[in-house]
1. By accessible area of protein heavy atoms, probe 1.4 Å, what ranking do 161, 128, 303 get, highest first?
2. Grab the beta carbon distance between residue 322 and residue 75, set R0 = 35 Å, and tell me the FRET efficiency rounded to 0.05.
3. Any idea which of 258, 220, 354 is furthest toward the positive side of the dipole for region 215-369, if Lys and Arg beta-carbons carry +1 and Asp and Glu beta-carbons -1?
4. For a quick check of understanding: with a 1.4 angstrom probe and all protein chains in place, what accessible area in square angstrom does residue 337 have, to the nearest ten?
5. In what sequence, largest accessible area first, do 76, 34 appear using a 1.4 Å probe?
6. Can you give the accessible area of residue 196, probe radius 1.4 Å, in Å² rounded to 10?
7. How much accessible surface does residue 336 have with a 1.4 Å probe, in Å² rounded to 10?
8. List, in the order given, every pair from 78/243; 243/273; 107/273; 186/316 whose Cα-Cα distance in the structure shown is over 27 Å.
Amino acid sequence: MDIIKQSDLVKPSANAKRQAAASETRLDPFSGQWSIFAPQRTERPDEFVEHRPTIKTDVACPFCRGNESETPPAVWSKHIPETARLFSADDGPADYEDWSVRVVPNKFPAVDSIDETSTAPSTRPSALFQSNAVTGGHEVIVESPRHFHSLTELDIAEIDLIFQAYRDRIRHYRNVAGVQYVSVFKNVGRTAGASLSHSHSQLIATDRIPQPVASVVENMGRHRANTGCCLRCDVVRAERKAKERVVACDETVIATCPFASQLPMLVRVTTLKHQACFEDLGDRELESVSRMVYRVITWLEQLRPGTAYNYCLHTKPPGIVDPSDSFHWYIDIFPRMSQVAGFEWGSGCMINPILPEEAAASLRKCSASRNPRRF
Ligand SMILES: [Zn+2]
Ligand SMILES: [Zn+2]
């Protein structure tokens with residue numbers, strides 16, 4: 001799909017520029033879905049040459065050590081002592097700011113900070129053209145001071161720290177009044193939506209729950225009401241019994257290719273123990289999760305070297321009331337192997353060319369043949 005920027009279409013007026021400082025959501029009355037409009041994001045830097053997978057080399061990377069002033073000040077930062085690290089060479093000059101993972105507010109946010117609503121457009125009362133200001137937070141998790149592209153180029157101590165950052169920042173937003181939903185995701189490669197190649201993830205918190213997420217919550221609540229059980233725990237038990245879609249499993253975490261997977265080679269990771277919120281995981285569980293995510297991406301990259309990929313972390317939205325404890329967190333990891341085309345856009349129904357049983361078998365073969373050197 002061609003990437004067309006708003007600035008290519010129209011020259012924004014002064015009034016439009018003022019309005020572009022704020023994000024808003026608009027409701028499609030037919031589908032019931034809300035879209036977020038964030039025109040200010042067209043101004044963000046883009047390292048990738050459009051239409052090609054090559055990377056511009058003349059752009060200074062704002063995430064590299066020494067360039068910390070190029071981003072807003074960190075809201076979270078931690079450093080792994082050198083003695084605990086497996087790889088510490090070539091980390092750059094000695095006068096650097098001490099950090100291994102840092103979290104900064106996004107300079108070009110998709111949603112405005114929840115306490116900066118003054119520039120947001122007012123609610124439109126029209127039944128046909130409903131819009132609202134959208135607020136929350138948008139942060140970038142910079143995963144290393146070194147210029148790496150994929151999570152698998154980092155060591156396990158660094159990856160564990162990245163997942164600690166996710167946990168801490170979700171906990172933060174869970175306690176921010178008005179926040180209903182928190183999404184943590186990672187884009188690696190142009191076709192996965194990345195605009196900067198330096199390994200990073202993002203967190204977006206919003207003051208509303210997207211409709212597809214609300215549907216998942218509703219379905220899980222219905223299953224709990226009908227059976228008294230958690231739907232994900234039931235599925236995990238059934239998958240362990242059937243075995244054919246299980247990619248890997250340890251004492252804490254399981255990775256499977258879901259039975260009705262919408263995307264080819266999608267792998268879902270979750271805890272064996274019922275756990276509604278990712279941010280409530282203990283240190284040892286978190287380490288198991290980060291290790292499993294690392295392993296899964298290693299196998300995906302073994303099957304498709306240099307693949308673009310995404311992962312999306314789903315935790316219980318802070319805005320839902322769930323007295324029956326029906327939600328169970330999970331993370332989906334998927335390589336970008338297919339484009340969303342006409343039928344998918346038209347119907348909302350994905351066509352997946354790879355059966356999850358075959359995907360799981362291929363990934364199991366990788367896990368059997370590979371003994372990651374960092375474990
Ligand atoms: Zn960099
Ligand atoms: Zn469960």
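The values are calculated or read from the model by the stated rules, or taken from the named source; none is laboratory data. Every value quoted in this text rests on a predicted model; they were computed, and no experiment measured them. Neighbour counts run over all protein chains shown; Cβ positions are idealised from the backbone, glycine included. To get the accessible areas, we keep the full protein, side chains included, count just its heavy atoms, and leave off ligands, DNA and RNA. Shrake-Rupley method; radii C 1.70, N 1.55, O 1.52, S 1.80 Å.
1. From most exposed to least exposed: 128, 303, 161.
2. Given R0 = 35 Å and the Cβ-Cβ separation, E is 0.80.
3. The Cα lying farthest towards the positive end belongs to 354.
4. 70
5. Ranked from most to least accessible, the order is 34, 76.
6. Residue 196 has an accessible surface of roughly 20 Å² with all protein chains in place.
7. Probe radius 1.4 Å; accessible area of residue 336 about 90 Å².
8. In this structure, 78/243; 107/273 lie more than 27 Å apart at Cα.
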